[in-house]
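First comes the structure, then the notes that go with it.
The values are calculated or read from the model by the stated rules, or taken from the named source; none is laboratory data. All figures in this text were calculated on a predicted structure; none of them were measured in a lab. Glycine also receives a Cβ, built like all others from the backbone with ideal geometry; neighbour counts cover every protein chain displayed.
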Amino acid sequence: MNQATPAFRFLARLTVAWFGFLAVAQANEPVYVPKAQHIKGPVYAIVGPLGQRSTANAGLNANYGFVITDSGVILIDSGASAHSAALLDKAIKQVTSKPVRWVLNTGSQDHRWLGNDYFARQGAQIHAMSATVQTQKAAAQQQIAGMTRFVGDQMKGTVPKHADQVHEGSEASLTLGGVAVQWVQTNAHYPGDTWIYLPAQSTVFTGDLVYVDRMLGVLPQSNVRQGDQAFARLRTLAPQQVVPGHGRVTDMAQAQKESGDYYRFLIDNVGAAARNMDPITDTLDKFAAPAQFKHLQNFDELHRANMNRVFVDFESNPQ
Ligand SMILES: [Zn+2]
């Protein structure tokens, strides 16, 4: 008796599958729905979550911005895929019926530009600096593969599309729909990274030069010396509103404490030790737990690796 019938076995499998599904659903973060946050006048930000790329956040774990002009919307960064670009588009449509007419890429990381094609197909012009496009081109295939590992089917229909309006040089001044845009290269997180400053609104979109609330990442492609210089220049603008690459919309005081001071900390301590030819392990141990940065999210995962990269950078290029 109790020989399992095919129907029973089917039900048992279904039950196992259902509980498996529940376990996954409970472990997952809540689904992130992008929402416009008013900054000043025609300027809005869309602030993404601080965690890693996931299907729940559609790879939108970064900040975006848009400006509503008389002749259409300027969008700052286009999302991680066609799917996530449509989510950004929806958030914009909650605020204005005007179409996105211009997309500006502040950088070359996946979630800053893989949505370009979506907006281009709706008629938007895509703008980027030529150094940004260069980095995008070198990274595109790897980024699509990497993002697919994080978000799977959400990458379907995503085509890497580079700017059709490429700006040479390290700075550009544009007027789009009557709105003045000052665009400056920072080259901090990736070569060709930029910030976008709107002087009339005293608002800066820093790109990945500034992170708040979470630890800044120093990658093999990053350059803390250029980050430090760009940050010093950012201070001279004295922007009232700072939309960082990651973290809440803030002011220069928080940007200084959580990014500007961190560039200096790395250069003055870790860079100096490398120039001094101190042993690397002693140096990383000595500066392992700076009280002023320990509260930042992802500190434990990133700080030591950040120091390691800065040490190696200054060791091979002490100038
Ligand atoms: Zn970033």
**Q.** Pairs with Cβ under 7 Å, 6+ apart, first in region 236-263 and charged (D, E, K, R), second within 16 Å of the ligand (Cβ to nearest atom)
**A.** R248/V47; R248/V212; R248/D213; D251/V242; E258/Y211; E258/V212; E258/L296
Q.
Could you list, ordered by first residue, the pairs with Cβ atoms under 7 Å in which the first is in region 152-164 and within 25 Å of S130 (Cα to Cα) and the second is assigned to a loop (DSSP other than H, G, I, E, B), at least 6 apart or interchain?
A. T158/S81; T158/L114; P160/L114; A163/N105
Q: Output the number of the condition that A255 fails; it satisfies all remaining conditions of (1) touching a strand residue (DSSP E or B) at 6+ places or on another chain (Cβ under 6 Å); (2) assigned to a strand (DSSP E or B).
A: (2)
Q: Give the number of residues within region 93-111 that are closer than 23 Å to M129 by Cβ and over 14 Å from the mean Cα position of the chain (by Cα).
A: 4
Q: Working only within region 19-44, note down all residues that are surrounded by fewer than 11 Cβ atoms within 10 Å (Cβ to Cβ) and modelled with pLDDT under 95.
A: F19, G20, F21, L22, A23, V24, A25, Q26, A27, P30
Q) From the set of residues in region 96-119 that are surrounded by fewer than 24 Cβ atoms within 10 Å (Cβ to Cβ) and basic (K, R), which is nearest to D164 (Cα to Cα)? A) R101
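Kindly check whether there is at least one residue in region 92-101 that is free of Cβ contacts under 8 Å to residues at least 40 places away in the same chain and of a type in the set (S, T, Y).
Within region 92-101, one or more residues are free of Cβ contacts under 8 Å to residues at least 40 places away in the same chain and of a type in the set (S, T, Y).
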